1. What do you get for trypsin sites (Lys or Arg not before Pro) in region 497-568 restricted to DSSP loop and a cutoff of at most 15 other Cβ within 10 Å of the site's Cβ?
2. Of the listed peptides 551-558, 238-245, 464-471, what is their order by residue-averaged count of other C-beta atoms within 10 Å, with the highest listed first?
3. Under the classification rounded if a/c is under 1.5, otherwise prolate if a/b is larger than b/c and oblate if not, where does region 531-588 fall, given a ≥ b ≥ c as square roots of the Cα gyration tensor eigenvalues?
4. At what distance in nm do the modelled label points of Asp380 and Lys528 sit from each other, each positioned 7 Å from its Cα along Cα→Cβ?
5. When ranked by the protection proxy of mean other Cβ atoms within 10 Å per residue, highest first, what sequence do the peptides 346-354, 584-592, 418-426 form?
6. Evaluate Rg over Rh across region 104-155, taking Cα atoms for both radii and Kirkwood's formula for Rh.
7. Any chance you could run the full-extension gain for Arg431 through Ile170? It's 0.36 nm times the residue separation minus the Cα-Cα distance, nm to one decimal.
8. Once the Cα gyration tensor of region 435-495 is diagonalised, what are the square roots of 5 times its eigenvalues, in whole Å and ordered largest first, as equivalent ellipsoid semi-axes?
Amino acid sequence: MTHDVQQGPPRRRSAGRARYLSRVALSQPTTIIGVLAAALFTYLIAVPIIAMLSDAFRVQARDETRAGGEFASFTTYYLERVFTGPLAQDIFWGPLLGTLGIAIAAIAIALVVGGSLAWLLSRTDLPGRRWFSTALIVPYMLPSWTLALAWTTLFKNRTTGGQLGWLEAIGLTPPDWLAYGWFPISVVLGLHYAPFVILLLGNALRGFDSQLEESARMLGARPATIARRITLPLMRPALLSAITLIFAKCIGDFGVAYVLGSPANFTVLSTSLYQSFATGQIGTSAVLAGAVIVIGMISLIVDLLLLREGKRFVTVGGKGVMHRRIPLGRWRAALGGWATAVFTVSVAVPILTLLLSTVMRQPGLFRWDNFTLDFWAGTDLGTVGLSQGVLRTPELWAAAWNTLWIVGTASLSAGLLGLLVGYVVVRSPLRFLGGYLRQITFLPYLVPGIAFAVAYLSLFAVQRGPVPALYGTALILVIALIAEQMPFASRAGITSMTQLGKDPEEAAQVSGAGWWRRMTRIVVPVQKSSLAAGVLMPFISGVKGLSLVVVLAVPGTDLLTTYSLRLVDYGFTQAANAVVLIIAAVAFFGTLLGQRLTRSTLADGI
């Protein structure tokens, strides 16, 4: 009895406080919007992943005999098949080793190339430093497989048939290890992600006070000692973050491994997953997708922990930071040549190779009578399946229209939803609701695109309740792209709403303006620049992205990326390269437009 008397008042106060908070929360439209948004994103993001994982433990159609159970009953057959069965080496362990080998090599190349250039651009008087700051990150603006197509145009040999590569056309036959497999994939991914290292390390170096290095130098420390004892330890969080992020991106990359690995039967996890899906092995592909998701989530969680660890390495206090350029002296010309060589290999040569390949009848034959525009706008190419230039094919314009409206609709929806998520996170009195929205919209960032696509197929390939089967429709592409782009859109919305105070809205509310009027007359107009950037950047990412749409698109809903990949499969190299150049142009100029809208540059850091 005494116990009840002592606990009664706090309980009543707690219940009264809960009722008061509930009344306040329900009186705010942000609560209703937040609940609806939480339900929507749970269905679009969490439910597909759960459905995919459940497919890994249920007997699929036509597998009843092999799995030893009835359709949809529980089974561990797919787990055993992938991890311990006779085909496990071909399905999982071999591709896993291939993926790890490529990731390690690509990270090493990206760190050597990107790390050296980040230091030169941030801390020295490198000639043309401002121009190189933008030019060297161009590969990051382009689809990763642009360089892969240029590589195969140059180094392809007759091992896999089809057209000659340029080197073979002039009498130099490249060996298989140079044309296909681990080596070219590693080099291409390393060069593609080198700008990522430039951005991450360059940003960290700009926040690093050069007085620390100069003090050590004045005390007689050698350059190697300064680098080992001062620079590298302080750069450790940025270095480790670059390593984990590049590793996560290599795990999920599909286009490069498909173009340069598939002709020689070199498989990685993403291509093994694609092959399993393409041959109708739903349970096996679900297990592989789950494994890819686990590896990707672990690497990105490690990165998040490293970001927290990075707070221990703060060297910038309330005072300003000194950035004194180190004179390169007699090494200035040579190091300027190094930056020029990297730009030439990673940007100039690939783009020029792709462009020239589209105007050559015979590959690698540099004669005036060999140049033509037929592959762009010709009418009688004399080939079966593609008898006219790519600009005259209805498939190209259908793919371009699909890209415009599907990716555009998804990007616009993601931008608006991201703004609403930001509004709820910043304005809602229910902190747990804002926290849930923040986490659920970030989840797709932890899931590689091709695994996310398989998750969507698991949920939408058949009718479930009132939701009809969506595979083969444009709608599944739209909603999958919306979900995939929410990490960027929601972060943009939260950031922009954090900078908008409550005063304008409160003044309008006192004047009698309702929520919709406040949103359309105050919030959206004030945030229009952020909203435009929040729409444009996902649009560019969607235009050049391949891993997600390659599983979900069918011939009737082809985008430019999947259309170019079909041309590669059919052996129409010139036409495929032309389409990739169109995609690269859209991505490049779209990125420049995005920077102009946001009044920023990628060279300023991520």
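1. Counting only loop positions with at most 15 other Cβ atoms within 10 Å, the trypsin sites (Lys or Arg not before Pro) in region 497-568 are Lys502.
2. 238-245, 551-558, 464-471
3. Oblate, since a/c reaches 1.5 and b/c is not below a/b.
4. The modelled label-to-label distance comes out at 5.4 nm.
5. On the way: 346-354: 19.0, 584-592: 17.1, 418-426: 25.7.
Result, highest mean first: 418-426, 346-354, 584-592.
6. Result for region 104-155 is an Rg/Rh of 1.05.
7. Going from the current span to full extension adds 87.3 nm.
8. Taking √(5λ) for each eigenvalue gives 24, 12, 11 Å, largest first.
The values are calculated or read from the model by the stated rules, or taken from the named source; none is laboratory data. Not measured: the values here are computed from a predicted model. Quick reminder, even Gly has a Cβ in these numbers, built from the backbone with ideal geometry, and neighbours come from all protein chains shown. What goes into the accessible areas is simple: the full protein's heavy atoms, side chains included, and nothing from ligands, DNA or RNA. Shrake-Rupley method; radii C 1.70, N 1.55, O 1.52, S 1.80 Å.
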